[in-house]
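Notes follow the structure.
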Amino acid sequence: MADRPVLSLVNLRKAYGALVVTDDVSLDIPAGEFHAVIGPNGAGKTTLIHQISGLAPSDSGQILLDGQDVTRLSMPQRVSRGLVRSFQITSILPGFSALENVALAVQARSGSSFRFFGDAAKEEALNHPARAALAEVGLEARMHMRASLLSHGEKRQLELAIALAAQPRVMLLDEPLAGTGHEESEALIALMKRLKGRATILLVEHDMEAVFALADRVSVLVYGRVIASGPPQAVRENAEVRAAYLGEEELA
Amino acid sequence: MSAPAHSAAPPAPSMPTRRPVWAREALAVALFLALALIPFAAALGAESYLLSLCTRVVIFGIAALSLDLILGYGALVSFGHAAFLGMGAYAVGILSSHGIKDASLQLPAALAASALFALVTGALSLRAKGVYFIMITLAFGQMAFFLAVSLAAYGGDDGMTLSGRSRLFGFEWIKGDRAFYYVSLGFLVVCYALCRSLVASRFGRVIRGARENPVRMEAVGFPLFRYQLAIYVVAGAMCGLAGFLLANQAEFVSPAYMTWQRSGELIVMVVLGGLGSLHGAIIGAAAFLLLEEWLSGFTEHWKLIFGPFLVLVVLFARGGILGALDRVPGFRRWRGGHG
């Protein structure tokens, strides 16, 4: 079933009172695709990620992972099926070391955590994959540092390491470049390039340069609606998109 | 990938070197040694007075330890923890009034009753967060209190006097105050060791992670409710053990064991000693009871002095007594740096 989409959104909807933030969104993302969602501020991009990841419930519609309905599953249940997210506002365990932050993601998928004896911090079976994930994002040298002491860019890298360590089949990345400086974002873009093809990726991002450099396909979200979806070049040239959104931006 | 290969060779390169248990637990060992020597010191003076005071310190040490598990490590502010003390105590009182005086039955009953109460009330209150959690645990605590008051057959408001301490397979194992003290201390040491193992384990790491950032924990795949419920039940049962001992010490059981003020005192003990360190809970229980005893020797309005003292500790010694001690050069390294 190679052409069946890994992640499908079917008529997804969510409203906060009278404000419709996700308006009849349907999207099919095939295996291995790097799919970017762009849109102006307040378009409902983060809400969409919240809905797909299970952090926020949907009013109606369906979310299918490998054809199976996960709409009613909790976030941890979705994670155990390989649907893993990162956060726009850095979400890490500030008092834990970088290594333990990542080791916990390994622990979540490695047998029962109802183990009351034995020092978890010294479990090599958890630390080894955690170190590999840290090395992958280039944070190896910082692994014993408290996560709260890392720089902002390093925290963003750490979030990606945590997501990687969860061995996702589908990764939802919510503005991983938010608040990073130029060099930091270069490094993160290079990292995401390496992730391409390893997992199916749904990226929400503001940085156009990054989106057009990385994405196989781009969807444009405006007021909760997908107004265009297609290869980057086609989306870039779409008149409606230009009017609604890209017109404000510097276009190459 | 060459990077992970060389990092994997020496396991955990810059981790602090592992010291033997007695060195890592220097503070706990010192604490328990001091407590073990109390009866000898007591023999020189007012033995029964000092021994009974220190027995209370040990018993409340267990109760505070259990609260530290959920409050200090889980950031779950339970304001009804004294209910578990009452569950344990009433298990002893009710069974003994029916002629069942053996600890081999009383102790499992005390643990089971408090664990069950924790399971039911925890399953409901853990659905709430923050202030609502505090309020719901308080409500359940009050419910247990008024239930005890209404038990006319078991003394109601006045409580009931036990006909003697529990036996163990017919043997009067804790009849003497000294024997009782050492048995209580033994339980404290076992509880401490259990808690220490628990907080470092996989399970404990999930609990500690949830304290730091629950959303992050759910996002890596931990359904937190079941872990938090489990630690709530463990803490409830451990506090039930303290209740079992308390009933035996006083040879008396009353609803006063589970007032909301008592729940507040338990929180004060944990905060006073230092949250989330385990030793802190024991130190806090000792400091609270000794200060209470000492200050009430001066004036019956001792709370007028104790209150401002507590405010000062919270304001100026973040991390409680243990936190203050940690600022003494070398102390933290010596005590092992837990928590």
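The values are calculated or read from the model by the stated rules, or taken from the named source; none is laboratory data. Predicted, not measured: the structure shown is a model, and the values here were computed from it. Neighbour counts run over all protein chains shown; Cβ positions are idealised from the backbone, glycine included.
Would you say B:Arg165 is among the basic types (Lys, Arg) and assigned to a loop (DSSP other than H, G, I, E, B)?
For B:Arg165, the condition - among the basic types (Lys, Arg) and assigned to a loop (DSSP other than H, G, I, E, B) - is met.
Looking for something within 21 Å of A:Asp24 (Cα to Cα), in contact with a helix residue (DSSP H, G or I) (Cβ under 6 Å, 6 or more places away or on another chain) and in contact (Cβ under 8 Å) with a residue 40 or more places away in the chain - is there at least one such residue anywhere in the stretch A:168-176?
Within the stretch A:168-176, one or more residues are within 21 Å of A:Asp24 (Cα to Cα), in contact with a helix residue (DSSP H, G or I) (Cβ under 6 Å, 6 or more places away or on another chain) and in contact (Cβ under 8 Å) with a residue 40 or more places away in the chain.
If the requirement is being at positive phi, buried (at least 22 other Cβ atoms within 10 Å of the Cβ) and at pLDDT below 95, which of these qualifies: A:Gly67, A:Gly17, A:Gly32, A:Gly44?
Answer to the selection: A:Gly44.
Have a look at A:Val102, A:Val84, A:Val106 and point out the one that is of a type in the set (A, V, I, L, M), more than 7 Å from chain B (Cβ to nearest Cβ) and in contact with a strand residue (DSSP E or B) (Cβ under 7 Å, 6 or more places away or on another chain).
A:Val84
For the stretch B:191-234, what are the residues that are touching a helix residue (DSSP H, G or I) at 6+ places or on another chain (Cβ under 8 Å) and in a loop (DSSP other than H, G, I, E, B)?
B:Ser201, B:Val220, B:Gly221, B:Phe222, B:Pro223
Answer yes or no as to whether B:Ile70 is buried (at least 24 other Cβ atoms within 10 Å of the Cβ) and either assigned to a helix (DSSP H, G or I) or modelled with pLDDT under 95 (or both).
yes
Filter the stretch B:33-53 down to the residues that are under 21 Å from B:Ser277 (Cα atoms) and buried (at least 20 other Cβ atoms within 10 Å of the Cβ) and list them by number.
Within the stretch B:33-53, just B:Leu35 meets the criteria.
Being among the aliphatic types (A, V, I, L, M) and more than 14 Å from chain B (Cβ to nearest Cβ) is the filter here; which residues of the stretch A:24-60 pass it?
A:Val25, A:Leu27, A:Ile29, A:Ala31, A:Ala36, A:Val37, A:Ile38, A:Ala43, A:Leu48
What is the one condition in (1) in a helix (DSSP H, G or I); (2) at pLDDT 80 or above that B:Val77 does not satisfy?
Answer for B:Val77: the failing condition is (1).
Specify which of the listed residues (B:Ala179, B:Ala210) is farther than 15 Å from B:Phe244 by Cα and buried (at least 21 other Cβ atoms within 10 Å of the Cβ).
B:Ala210
Failed condition for A:Leu12, given (1) under 23 Å from B:Pro223 (Cβ atoms); (2) in contact with a Gly (Cβ under 6 Å, 6 or more places away or on another chain), with all others met?
With respect to (1) under 23 Å from B:Pro223 (Cβ atoms); (2) in contact with a Gly (Cβ under 6 Å, 6 or more places away or on another chain), A:Leu12 is out only on (1).
Scan the stretch B:205-225 for residues that are at the interface with another protein chain (Cβ under 7 Å from one of its Cβ atoms) and farther than 16 Å from A:Ile162 by Cα and jot them down.
Residue satisfying the conditions is B:Pro223 alone.
Of the residues that make up the stretch B:228-241, is at least one out of contact with any Pro (no Cβ under 9 Å at 6 or more places or on another chain), without any contact (Cβ under 8 Å) to a residue 24 or more places away in the chain, of a type in the set (A, V, I, L, M, F, W, C) and over 15 Å from B:Ile59 (Cβ atoms)?
No - not one qualifying residue is present in the stretch B:228-241.
Do any helices (runs of 4 or more DSSP H) lying entirely in the stretch A:120-199 carry at least 1 residues that are more than 14 Å from every other protein chain (Cβ to nearest Cβ), and which ones are they?
Because the criterion is at least 1 residues that are more than 14 Å from every other protein chain (Cβ to nearest Cβ), the helices (runs of 4 or more DSSP H) in the stretch A:120-199 that meet it are A:152-165, A:182-195.
Kindly indicate whether A:Pro57 is of a type outside the set (Asp, Glu), under 18 Å from the mean Cα position of the chain (by Cα) and surrounded by fewer than 16 Cβ atoms within 10 Å (Cβ to Cβ).
Judged against the criteria, A:Pro57 is a match.
Using the structure shown, decide if A:Leu73 is out of contact with any helix residue (DSSP H, G or I) (no Cβ under 8 Å at 6 or more places or on another chain), within 14 Å of chain B (Cβ to nearest Cβ), surrounded by fewer than 22 Cβ atoms within 10 Å (Cβ to Cβ) and modelled with pLDDT of 95 or more.
yes
Kindly establish whether B:Phe288 is surrounded by fewer than 18 Cβ atoms within 10 Å (Cβ to Cβ) and either within 14 Å of another protein chain (Cβ to nearest Cβ) or aromatic (Phe, Trp, Tyr) (or both).
No: the conditions fail for B:Phe288.
Which residue out of B:Val199, B:Val189 is surrounded by fewer than 22 Cβ atoms within 10 Å (Cβ to Cβ), touching a residue at least 40 places away in the same chain (Cβ under 8 Å) and more than 9 Å from every other protein chain (Cβ to nearest Cβ)?
B:Val189 is the lone residue from the list that is surrounded by fewer than 22 Cβ atoms within 10 Å (Cβ to Cβ), touching a residue at least 40 places away in the same chain (Cβ under 8 Å) and more than 9 Å from every other protein chain (Cβ to nearest Cβ).
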